[in-house]
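See below for the structure under consideration.
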Amino acid sequence: MKCGDMPTSTEYKVYASVLRGLNYESKDSVIAKFDSLISPYISKGFAQKYIIGSSVLGKQIPMYRIGNVNGGRILCDGQMHGSEDVGTELLYLWAQWILTSGDAEAERIKRQNCWFIIPVLNIDEYRRTNAHYVNINRNFAYYFNRAGALPYCTAASPSHYTYNPLVGDPDHGYPPHWTGPLANENLNYYPFELLPSTWTCPVCGAAKSTFKGTADWRGPSAVSEPESKALLNALKQWQPKAYFNHHLYDGPFVNAYFINAAQQTFQQNMANKIAAIEINELDVTPIPFNIYGCSAGFSTADASSLGIYSSLIEWNVSAPPISELPGRWFSWWKAIALGYSRQFAVISPTTSLLPLIVIGGVLLFLLTRGK
């Protein structure tokens, strides 16, 4: 590998700055905002911050608990793709509503539900892939070998060439090995993104820019990425009843997944309940709700295989101004979140049995006095 092929630190900073401009705010700002929100509620038992792992570049990945740790558990994440942050901001509005609105149902959720929120999973990058140039949402274990696209030449026959990072292009000086410029790691593949712009298709000579599928590589092995590991470990450790994976593409819509008939029936019932909340309570046109079999390599597929009701939510690639998110965008997410919160609410045994204990004590006193 030639040093000249690697982006310099200055070039990378400029690149990152441009991409950051596409986001509502920096990732550090998002984390600081969540930290400030939950701070008054930690001592009250209604919030907590956890570190679930570290990124490729060693940055901590935080997860926030909102509500009662013994309540019905639901886990969700944002920015699995680093530039897709509408979901992150909606998750913040949801946490803020639960903790600060004083609304009767928000108070109920605070006591009967436990929401785990990972605001930023791809915490290193303001792009679709992580710092290893792996699409995290193709890196999970469920049917991993069927997941993800390899960059392919779109030139007409006789090309049909597909670039495999595990093979590289050794004939032209790009063997399947590189030293990560940011992580300072030796890896057994050569990312397509790091090929120089002058590189051409080895078969037909087409320009690198003609290749498609360049940001969907699944990685060298299932759950190879630290971000994937962090999320999967959180799902296994906390065993939520439901999981939501937020994205930003050609939406808004919900893809609710299943791997068996029971999950399929449950998701369809939830779709009907959420539509009723949207129409009758929030006065918003229902968001499209699709029921699909699981997709290979998706985090929702691994969650479904663990018995968790899993959904992927796509917001709109033409992201609205952040000032508009509290309107219909939050209403859509709020309807979904309310539906699943109600479904999985856990009433504290202490609270539910207290009236019976008091009544029983009074009756026992009266009976004893009567003797």
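The values are calculated or read from the model by the stated rules, or taken from the named source; none is laboratory data. Since the structure is predicted, the reported quantities are computational estimates derived from the model, not experimental observations. Every residue, glycine among them, receives a Cβ derived from its backbone with ideal geometry; neighbour counts consider all protein chains shown.
In the stretch 38-50, the count of residues that are touching a Lys or Arg at 6+ places or on another chain (Cβ under 7 Å), at pLDDT 95 or above and in a loop (DSSP other than H, G, I, E, B) is one or more. Please find, within the stretch 78-122, the residue that is nearest to residue 59 (Cα to Cα) out of those that are assigned to a helix (DSSP H, G or I) and among the β-branched types (Val, Ile, Thr). Here the answer is 88. Selection of the stretch 237-295 for residues being under 18 Å from residue 142 (Cβ atoms), in contact with a Phe, Trp or Tyr (Cβ under 7 Å, 6 or more places away or on another chain) and assigned to a loop (DSSP other than H, G, I, E, B) yields 240, 294.
Which of the residues belonging to the stretch 261-311 are of a type in the set (Asp, Glu), out of contact with any Pro (no Cβ under 8 Å at 6 or more places or on another chain) and within 19 Å of residue 339 (Cα to Cα)?
Step one: filter the stretch 261-311 for residues of a type in the set (Asp, Glu), giving 278, 281, 283, 302.
From what is left, the residues that are out of contact with any Pro (no Cβ under 8 Å at 6 or more places or on another chain) are 281, 283, 302.
Hits for the stretch 261-311 are 281, 283.
Restricting 193, 125 to residues that are out of contact with any helix residue (DSSP H, G or I) (no Cβ under 7 Å at 6 or more places or on another chain), in a loop (DSSP other than H, G, I, E, B) and acidic (Asp, Glu) narrows the list to 125.
Looking across the stretch 71-84, the residues that are touching a helix residue (DSSP H, G or I) at 6+ places or on another chain (Cβ under 9 Å) and under 23 Å from residue 309 (Cα atoms) come down to 71, 72, 73, 74, 75, 76, 77, 78, 79, 80, 81. Taking the condition polar (S, T, N, Q) and surrounded by fewer than 15 Cβ atoms within 10 Å (Cβ to Cβ), does residue 130 pass? Considered against the rule, which asks whether it is polar (S, T, N, Q) and surrounded by fewer than 15 Cβ atoms within 10 Å (Cβ to Cβ), residue 130 comes out as no.
Of the residues in the stretch 204-257, how many are touching a strand residue (DSSP E or B) at 6+ places or on another chain (Cβ under 8 Å) and either at positive phi or not basic (Lys, Arg) (or both)? Walk me through it before giving the result.
So the first thing to find is which residues in the stretch 204-257 are touching a strand residue (DSSP E or B) at 6+ places or on another chain (Cβ under 8 Å), and the list is 204, 206-208, 210-213, 220, 226-227, 229-231, 233-235, 238-257.
After this cut, where a residue has to be either at positive phi or not basic (Lys, Arg) (or both) as well, the list is 204, 206-207, 210-211, 213, 220, 226-227, 230-231, 233-235, 238-240, 242-257.
So the answer is 33.
May I ask you to verify whether residue 140 is buried (at least 19 other Cβ atoms within 10 Å of the Cβ), in contact (Cβ under 8 Å) with a residue 40 or more places away in the chain and under 30 Å from residue 47 (Cα atoms)? The answer is yes for residue 140.
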